[in-house]
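The structure appears below as structure tokens.
The values are calculated or read from the model by the stated rules, or taken from the named source; none is laboratory data. Here the structure is a predicted model, which is why all the values come from computation and not from measurement. Here Cβ is always computed from backbone atoms with ideal geometry, including for glycine, and neighbour counts include all displayed protein chains. These area figures cover heavy atoms from the full protein model, side chains too; ligands, DNA and RNA do not enter into them. Shrake-Rupley method; radii C 1.70, N 1.55, O 1.52, S 1.80 Å.
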Amino acid sequence: MAEPDWYGALERAREFAPFLARSLVRQIELADLLAEGRGDAALDWSRGRGDHEDIDIALRRHRLGLATTLAIGDLAGAFSLAQVVTELSGFADYALDAAIHAAIAERTGAKRADGMIGLALGKQGARELNYSSDIDPILLYDPQTLPRRESDDPGEVAQRYARRIIKILSQNTAEGYVLRVDLRLRPAAEISPLVVPRSSALTHYHGQALAWERAAFVRARAAAGDVEAGRAFLTEIAPFVWRQGLDFGAIQEIRDLTLRIRQSHDGPRRPGPGFDLKRGRGGIREIEFFAQTHQLIHGGRDTSLRVRGTREALDALAQAGRIDNDHAQVLGEGYDRLRVIEHRLQMLNDRQTHSLPDGAALDNVARLDGMRSAADLVEELTELTQRTGAVYDELIGEEKRSVPVPPAPSERADELARLGFDNPESLAARIEEWRDGRYAAIRSPQALEAFDRMLPGLLEEIAKSDDPERALARWQGILERTTSAIRLFHLLAAEPDMLGRLVAALTLSPTLADELARRPETLDVLIDREAIRFDNVFAETLEEMRKGPERDDYESQLDCIRHKTSEARFTLGVGLVTAQYKPSQIGAALSQTAEAAIHVAREAAMREFARKHGTIENSELVIVGLGRLGGGALTHASDLDMIYLFTGEFSDQSDGPKPLGATLYYNRLASRVSAALSVPTAQGVLYEVDTRLRPQGKQGPLAVSVEAFAKYQRENAWTWEHMAINRARVLAGSDGARAQVEAVIAEVQCKERDPSDLRNDVLGMRADIAKHKPARGELDVKLLRGGLVDVEFLVHFLQLRHAAKLAGGNPQMLAPDFAKAIPALTQAGLVDEALWPSYDLMTDLLVAGRLLAPEGSKPPPAAAKALARACQCDSYADLVARLNQARATVAKCWAQSFEQILELD
């Protein structure tokens, strides 16, 4: 980096910038410091100028010194753009805060600003304030806490304070001014007072605010006055700004707004005299809106994008893969350079201007920046704005968006015939029925426009699908059952790549189609094109669920759990039916998603329960998963097999306002957790929770102590209960509690057993299941003889039969995850090495079949083909052949272990 040129900067300032020249004359001591290259000392000197007892004088002198110092340091190359805008923004915060305190103190004598909130928006909020900028704060007040005289009406005195704040900052005196203040960003500015009651602002943002206000609050920050109250306010309106669902209708409004700004701007479109660096094509505002639009689209789901600075936002968007790295670089470098030139313009006469002057004034701007002439500056800006403007063109399109004109029925029929639809005339008439207002989802003019815009792309994708009629029928089902789908239509029109995935869901899986009909916003998740990180599903899902609503809002927490879980299940389902991932990977991710939901539901229920009943010292609720949940391999149709235990003594008592004994305490708490996971809410039902595997089944209490659980397993449990223990896994509990429960499980597994009695019990139970629950079809891989139930019975038998002697040498043999247990049994010589690949294939078929063949029989052709692809088979026939081969392998292992022939149908 070159050495700062303080002398050259001062010379250029005196020659080409009249404001700076006058400022240096007025502040001789400061000019001397700058001439000596003592930039930090000059900043300190400027701050010291703000010590005057008169707030009006103090702030104006402080501002003049700071403006002069930053300008010369900038021109000298000593201060970076980032330092300049940060210093200017920091001063704006300080000045606004000082004005608020002064206004209150002058009337009340109070040295506090409780209840008077100064929110910084725009460039101040982003800490990017320009050299001669106004500020765009929103002033709010809380009538309950605002300092005032006893006789003062809160509303009237708040307006008095606001008028005084504006006067302190904006009035031009012999000392100059501090900051121009623009309050037009406040709620309903055309009718509202200068300072708005906090409660009124909340009502506005929760129900009446416009799309541009969302964009404004991307950069909002509590900057002055009662900062803590300001932060709390911003937290409360965060759902308005950062929406979980992708509201492409609102986003389109923002795009249209910026397009209108570009089209209504009557200045030159190319750099030269009169060109507006802020509003012109490729200018500062377009770069800012580009970043904010993408933040609004994705920031509700990706918190890493909730940053305020424009350059910071562009970098975060590129890092998250939301925009091209090249675009981020072009816009970021362009933004920085435009801001520098903007500062040069404003340094000339300390005016808030963004337009390039003509004649000698334009030459002064160029030479102040160190360039040879105005022509060089114009040439640089022309190339720069051409690059940045081209990127913004891709976001909004150059031409104004036209309202789609639907074709006449005969024209539509011709187009449908061209696409290859059967009975195109009938389908054209059917589409007209969709559009005639009979469905609430397409009844409003706005919804119909969005529908017509999206429809051609949807029909084209449906025509390319394996089963167009099925896709059309399920799409119509969505229209019939959905009361509002305008967001869905906007989403599909804005992201045409998603149409193929939507059609796959409609064509192949009734489960996914039904979910989409219940919650159309679920499709939002498909805009995320990143590969699923299967190694981190639990941790990431847990973090997302924990970052939801405030912990005091129990119902909102439960809705957050449901929302995140529904999104994850839908995303995993689409990845499965489109054969992007191996089904067993999907099963593991479904299990980890459920575990995260269980963790957060347990935490939320414990906090809520403790408010009334307190807690029990040295005691806690432990949740144990069994079955497929314990084994870490759920399907989309799986229940959650769980048992609840608690540590400590059953005679203990809670310490809350309404204390309970331990047994009653944990039974009620366990019931709360089950309800959190299974009771329907506005977000739907998460899971069916099955606790029948608890001690004594339905007749026993929902939660028992670990000691009682151990006693039951030693003395009263049946063989089938010990088999179930083989897939038990502690899902939630402290390390100490986990160790206690795992010790009980290990004791049960390693118990000495009579081999003959064990064999007879296992075979008897399997025969009963075969008699009362026969397979439903050729793909009922769970219940078919030689299927998954037989593998599970075989593995559990071998685990219980040999654990006492062999498990110490290979503890994986007792793992609840069969991906570990079966290879360990193979290594011990207890099963054929072909058992694991056979089980793996059938697991894939089970997971995929729950979506593609939920009846357990051969699905329609398109789903059959998708099912084969998901299981890495060449065709459906190949899948059936491999399934039969796998069943034969299971029958062989069964015969070796039980000396019984397994009859395969």
Within the bounds of the range 793-814, is there any residue that is under 17 Å from Arg729 (Cβ atoms), open to solvent by less than 40 Å² (accessible area, probe 1.4 Å) and not in a helix (DSSP H, G or I)? yes
Given (1) hydrophobic (A, V, I, L, M, F, W, C); (2) in contact with a helix residue (DSSP H, G or I) (Cβ under 6 Å, 6 or more places away or on another chain); (3) in a loop (DSSP other than H, G, I, E, B), identify the lone condition not met by Leu731. (3)
Any strands (runs of 3 or more DSSP E) falling wholly within the range 134-253 and containing at least 3 residues that are open to solvent by 10 Å² or more (accessible area, probe 1.4 Å) and touching a residue at least 40 places away in the same chain (Cβ under 8 Å): 221-225
Only one of (1) within 24 Å of Ser170 (Cβ to Cβ); (2) in a helix (DSSP H, G or I) fails for Val25. Which number is that? (1)
For the range 98-120 the number of residues that are touching a residue at least 12 places away in the same chain (Cβ under 8 Å) and surrounded by fewer than 24 Cβ atoms within 10 Å (Cβ to Cβ) is 10
Search result, residues across the range 550-570 that are open to solvent by 40 Å² or more (accessible area, probe 1.4 Å) and at pLDDT 85 or above: Arg569
Which residue is nearest to the chain's Cα centre (by Cα), if the candidates are limited to the range 470-485 and must be assigned to a helix (DSSP H, G or I) and more than 16 Å from Pro456 (Cα to Cα)? Ile478
Among what's in the range 464-498 and is modelled with pLDDT of 85 or more and open to solvent by less than 10 Å² (accessible area, probe 1.4 Å), pick the residue that is farthest from Ala863 (Cα to Cα). Leu479
Within the range 846-905, restricting attention to residues that are touching a residue at least 12 places away in the same chain (Cβ under 8 Å) and on the phi > 0 side of the Ramachandran plot, which residue is surrounded by the fewest Cβ atoms within 10 Å (Cβ to Cβ)? Gln872
Residue under evaluation Thr353, criteria (1) open to solvent by less than 10 Å² (accessible area, probe 1.4 Å); (2) part of a loop (DSSP other than H, G, I, E, B); (3) among the β-branched types (Val, Ile, Thr), criterion not met: (1)
Looking at Gly389, Gly437, which one is touching a Lys or Arg at 6+ places or on another chain (Cβ under 6 Å), small (Gly, Ala, Ser) and under 30 Å from Pro268 (Cβ atoms)? Gly389
Checking Ile297 against (1) within 17 Å of Glu394 (Cβ to Cβ); (2) out of contact with any Ser or Thr (no Cβ under 7 Å at 6 or more places or on another chain); (3) surrounded by fewer than 22 Cβ atoms within 10 Å (Cβ to Cβ), which single condition isn't satisfied? (3)
Top-ranked residue in the range 668-722 [being acidic (Asp, Glu), open to solvent by 50 Å² or more (accessible area, probe 1.4 Å) and in a helix (DSSP H, G or I); ranked as farthest from Ser566 (Cα to Cα)]: Glu715
Residues of the range 574-624 being farther than 22 Å from Thr647 by Cα and open to solvent by 10 Å² or more (accessible area, probe 1.4 Å), which ones? Thr578, Ala579, Gln580, Tyr581, Lys582, Ser584, Gln585, Ala588, Gln592
In this structure, is Arg727 closer than 14 Å to Gly625 by Cβ, open to solvent by 60 Å² or more (accessible area, probe 1.4 Å) and modelled with pLDDT of 95 or more? no
Exactly one of (1) within 31 Å of the chain's Cα centre (by Cα); (2) at pLDDT below 90 is unmet by Ser133. Its number? (1)
So how many residues does the range 97-114 have that are closer than 13 Å to Ala222 by Cβ and either part of a loop (DSSP other than H, G, I, E, B) or more than 41 Å from the chain's Cα centre (by Cα) (or both)? 1
Determine which single condition Ala318 fails, assuming it passes every other condition in (1) buried (at least 21 other Cβ atoms within 10 Å of the Cβ); (2) part of a helix (DSSP H, G or I); (3) touching a His at 6+ places or on another chain (Cβ under 8 Å); (4) not charged (D, E, K, R). (1)
Can you find even one residue in the range 54-77 that is more than 28 Å from Ala13 (Cα to Cα) and within 41 Å of the chain's Cα centre (by Cα)? no
State whether the residues of the range 746-758 include one that is open to solvent by 10 Å² or more (accessible area, probe 1.4 Å) and out of contact with any helix residue (DSSP H, G or I) (no Cβ under 9 Å at 6 or more places or on another chain). yes
Identify all residues within the range 436-448 that are in contact (Cβ under 8 Å) with a residue 24 or more places away in the chain and crowded, with 16+ Cβ neighbours inside 10 Å; write none if there are none. Tyr439, Ala441, Ile442, Ala447
For the range 63-81, check the following and say yes or no: at least one residue is within 22 Å of Arg164 (Cβ to Cβ) and open to solvent by less than 40 Å² (accessible area, probe 1.4 Å). yes
